[in-house]
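Data first, discussion second: the structure below is written as structure tokens.
The values are calculated or read from the model by the stated rules, or taken from the named source; none is laboratory data. Everything quoted here is computed from the prediction, not taken from an experiment. Neighbour counts are summed over all protein chains in view; Cβ atoms, including those assigned to glycine, are modelled from backbone coordinates with ideal geometry. Just so you know, the surface numbers come from the protein's heavy atoms only, side chains and all, with ligands and any DNA or RNA stripped out. Shrake-Rupley method; radii C 1.70, N 1.55, O 1.52, S 1.80 Å.
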Amino acid sequence: MPLTAAALAEPPPGASVGQTPGSEFAPLLRTVKGQRLLKRRHGWYAREIAVNALALAGVITGVALIGNSWWSLLLAPVLAVLAARTAFIGHDAGHSQITGSSSVSRLIGLLHGNLLLGMSHSWWNDKHNRHHANPNHIDKDPDVVADVLVFTSEQAKDRAGFRRWLTRNQAWLFFPLTLLEGVALKVHGFQDLRRQPPRERAVEALLLVTHVVAYAALLLTSMSLGKALAFAALHQALFGLHLGMAFAPNHKGMEMPDPYGERWGHLRRQVLTSRNVRGAVLTDWFLGGLNYQIEHHLFPSMSRPHLRLVQPLVRAHCQELGIPYAETGLVDSYRQALRHMHEVGEPLRVA
């Protein structure tokens, strides 16, 4: 069911999306509020942040102590996993899941994004909030803009040269390309500084540069240039792969609203464009709670540990309304996403 461009206009800051009396979403929202599932879990996040910080400190200490040895490269995968944990915390801060204070949320985001990862919190928030407002909307969601990858046959038909080759093979190239994502996120952050207001730019730039200098200093004072480059390459590649594995199942291959069609309300806009991944504690941990993508999109400020608790309510509500609720296993979620990208590139392979 498509929707009109006017209906997809983003609401003003602070406005509630799809929460008008009588909407399909309103009864679910009332139930969720009644069960206090929108209450923030300060203690849970305090432990999460503290454990992550201690683990990062332990790995950094390990790199310094092992020093100029190839054995130090064994810590690169561990650091990649911890970097993904750090990114998940920054993501949650950007959605105000950790605290209702915008200034504290921004501070947490700056520390975990800019300082610890070298990734601009402001750039990520701006891009990610536009995605949440209009998921999979070809004109408004920055995550489905034609770039290295394309997501519709319409985007594919205009590809030429090397980009045409990429599109023909994008399903096979998707995971290899995620190995570059860790570096790409840093580059995008520095590029975005030009967009930011002077005061915000100064803070973000200072923290980004501090990260780069500290990261280089740690590696170059601990090991030779060759080993330092090998460590950085392995760390950044596995970090990008981890994030790619977390984000790939969420929307690829799901409904893409027609900008000129019938209007969708908040419930349908978020549910029909999102896919959940089944799993237990390990899946929740590995994917940072993003396996509950439907619930996260319906309630973006909901604290991560509550997403599992709200899932039965959301599923039952969708079933009552006859709205498809997409949920599958982890491996099958990748299969569905890659199949969609393969089908998009099909016309170029037979042309």
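Cβ-Cβ below 6 Å, separation at least six or inter-chain, first residue in the stretch 89-107 and in contact (Cβ under 8 Å) with a residue 60 or more places away in the chain, second not in a helix (DSSP H, G or I): which pairs? Taking only residues 6 or more apart or on different chains, the pairs are Asp92/Ile98; His95/Pro300; His95/Ser301; Ser96/Ser301; Gln97/Ser301; Gln97/Ser303. Looking only at residues in the stretch 312-351 that are polar (S, T, N, Q) and within 20 Å of Gly253 (Cα to Cα), the one that is surrounded by the most Cβ atoms within 10 Å (Cβ to Cβ) is Ser333. Among the residues of the stretch 116-138, are any touching a Ser or Thr at 6+ places or on another chain (Cβ under 9 Å), of a type in the set (Ser, Thr, Tyr), open to solvent by less than 20 Å² (accessible area, probe 1.4 Å) and over 19 Å from His342 (Cα atoms)? No, that holds for no residue.
The condition of being of a type in the set (Gly, Ala, Ser), farther than 23 Å from Gln319 by Cβ, out of contact with any Lys or Arg (no Cβ under 9 Å at 6 or more places or on another chain) and modelled with pLDDT under 90 holds for only one of Gly261, Gly279, that being Gly261.
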